[in-house]
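Okay, structure first, notes after.
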Amino acid sequence: MKPTNSPKTYRVKSFGCQMNVYDGERMAEMLGERGIVPAPEGEDADLVVLNTCHIREKAAEKVYSDIGRLTKGKTQDKAPMIAVAGCVAQAEGEEIMARAPAVSMVVGPQAYHRLPEMLDKAVQGERATDTDMPAIAKFAALPERKRTNPASFLTVQEGCDKFCTYCVVPYTRGAEISRPYGDLVTEARKLVDAGAKEITLLGQNVSAWSGEDDKGHAVGLAGLIRDLAKVDGLARIRYTTSHPADMDDDLIAAHGEIDKLMPFLHLPVQAGSDRVLKAMNRSHTAESYLRLLERFRAARPDLALSGDFIVGFPGETDAEFEETLKLVDAVGYAQAFSFKYSPRPGTPAASMEGQVAKEVMDDRLQRLQAALNRDQWAFNRATEGRTCEVLVERKGKHPGQWLGKTPWLQSAWFEGDVGIGDLVQVELVEAGPNSLAGRLRERVAA
Ligand code: SAH
Ligand code: SF4
Ligand code: F3S
């Protein structure tokens, strides 16, 4: 590659999970420190960071089509500089370098603190790949938080040791590590100083977080939440994603005790058949999962539940799929994500016998989503008439209209004289399948 001018504008495009969104924000901050500014809406950027996800097939294919779109018909001096970050970068770094000459940087999710050095090289015309995994060193090397949204993310835990047989995350994000307690309290305070009212603690297995508090006592996620709840100006705490294996009594109790901890739990189950769960290497059964939810609901009766599902795992029979529907009926989810099984290279399930035909998966997904949508709408309808706190996150489609989140993570829109970041009391007037129309009652705090 030829040496080129230093980029003046950037665009970071994040795909996949909220941890990628967090990483994307941190990369944007680093580029900002170098004086590179976000490209104005609708204009080409000099540097594009594709922050990729590898969880399902289409996600990776999208990266190549994005690269194609960015460079189509452009000579090298007109095309943007491209960095590929995230989980596809980790899994297929070499392949990307070989297949896409327009890419000048490939950086894995645990190495992106080195993006500025790589950028220096790229400006000199050198292509660079970094897929090392020094997770803690990464966080220490990142700049301080200065800007954020009212609802912010804070990665507290990275990686996964669970090795569900379908999943790439243990390979792309590495082993489970917990960021130190003190660093998290500091970052949470900075986020609040920068305007955050709500913080969602993130981890591929956030409930596996563990650390030592400032008195040297061992603490788990519940202990961290308790201490973060003392941060002045922070109104709401959430966490995601949890694994049923790591949910302890303390975390269940925290839902009943800490007002700032929102009544929402995302607890993926994946399937309703115990045979399938075992083949997935999930450590729970349908029954143990339901019992766990009962304990959470006993601690916090208005808890809204969310989950993840995979249909068509290798060997899943019609009868086994019916058990997933049965479990959905038993839980009554407020929202959920559901996916067709996608074989991921290098994972045990990819070479299992009994791969399920696409048409069968399509049919199962459609039936599952119909059930989940029905329950989501029912949950929304059950909240009609309640007046609750809403955090205003952005403007709505129409002038004077605002959009925010209820404590149960529903989107609510309403009209009134408010601003982004306000916490307001809203009466939920009319439930739709995906959101609720509300009426502003009063402002709570600016
Ligand atoms: N750590 C979380 C979620 C990680 S990935 C957990 O354990 O639940 C998010 C979701 O993607 C998973 O919950 C699963 O439902 C889905 N997923 C992961 N690998 C998949 C695959 N190979 N095919 C289809 N869906 C998959
Ligand atoms: Fe993937 Fe399972 Fe780990 Fe979740 S717990 S990230 S699904 S391996
Ligand atoms: Fe995707 Fe990586 Fe997240 S594979 S879901 S971006 S951990």
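Here the stretch 387-443 is assigned +1 on the Cβ of each Lys and Arg and -1 on the Cβ of each Asp and Glu. Its dipole about the Cα centre then comes out at about 160 debye. The residues of the chain present an accessible area of 44 Å² per residue when probed at 1.4 Å with all protein chains retained. Beta bridges per DSSP, both residues in the stretch 125-264: antiparallel share near 30 percent.
Can you tell which of 430, 43, 393 shows the greatest fluctuation in a Gaussian network model of the chain with Cα springs below 10 Å? Checking each option, the largest mean-square fluctuation is seen for 43.
Computed with the Debye formula from one identical point scatterer per Cα of the chain, without solvent, the log10 of I(q)/I(0) at q = 0.13 Å⁻¹ comes to -1.32. Annotation: cysteines of the chain without a disulfide-compatible partner (Cβ-Cβ under 4.7 angstrom) are 17, 53, 87, 160, 388. When both the stretch 316-340 and the stretch 254-277 are represented by their alpha-carbon centers, they are found 15 Å apart. Fully extending the segment from residue 430 to residue 215, taken as 0.36 nm per residue of separation minus the present Cα-Cα distance, adds 72.6 nm. With r defined as the distance between the Cβ atoms of residue 319 and residue 124 and R0 fixed at 56 Å, what FRET efficiency is calculated, to the nearest 0.05? Step by step, r from the Cβ atoms, then E = 0.35. Counting only Cβ charges, +1 for Lys and Arg and -1 for Asp and Glu, the dipole size of the chain around its Cα centre is about 920 debye.
With both labels modelled 7 Å from their Cα along Cα-to-Cβ, the residue 146 to residue 78 distance reads 3.5 nm. Can you find, among 436, 396, 407, the residue sitting farthest towards the positive end of the charge dipole of the stretch 387-443, where Lys and Arg contribute +1 and Asp and Glu -1 at Cβ? Positive-most Cα among the choices belongs to 396.
Candidate cross-link partners of residue 326 among the aspartates and glutamates, defined by an alpha-carbon separation under 17 Å and a same-chain spacing of 8 or more, comprise 274, 287, 294, 308, 316, 318, 363, 375.
With 22 Å as the limit, write out which pairs from 138/190; 78/121; 13/74; 62/358; 162/230; 2/72 have Cα-Cα distances beyond it, or answer none.
With Cα atoms farther than 22 Å apart: 162/230.
Here's the list of lysines a cross-link from residue 405 could span, going by alpha-carbon distance under 17 Å and ignoring same-chain residues fewer than 8 apart: 197, 260, 395, 397. Toward the positive end of the charge dipole of the stretch 138-382, with +1 on the Cβ of Lys and Arg and -1 on the Cβ of Asp and Glu, the farthest Cα among 208, 352, 142 is that of 142.
Residue 124 sits among other residues whose Cβ lies under 13 Å from its own Cβ, and their net charge, with Lys and Arg +1 and Asp and Glu -1, is 0.
The values are calculated or read from the model by the stated rules, or taken from the named source; none is laboratory data. What you see is a predicted model, and the numbers here were worked out from it, not measured in a lab. Backbone-built Cβ (ideal geometry, glycine too); neighbour counts: all protein chains shown. Note: areas computed on protein heavy atoms with side chains; ligands, DNA, RNA excluded. Shrake-Rupley method; radii C 1.70, N 1.55, O 1.52, S 1.80 Å.
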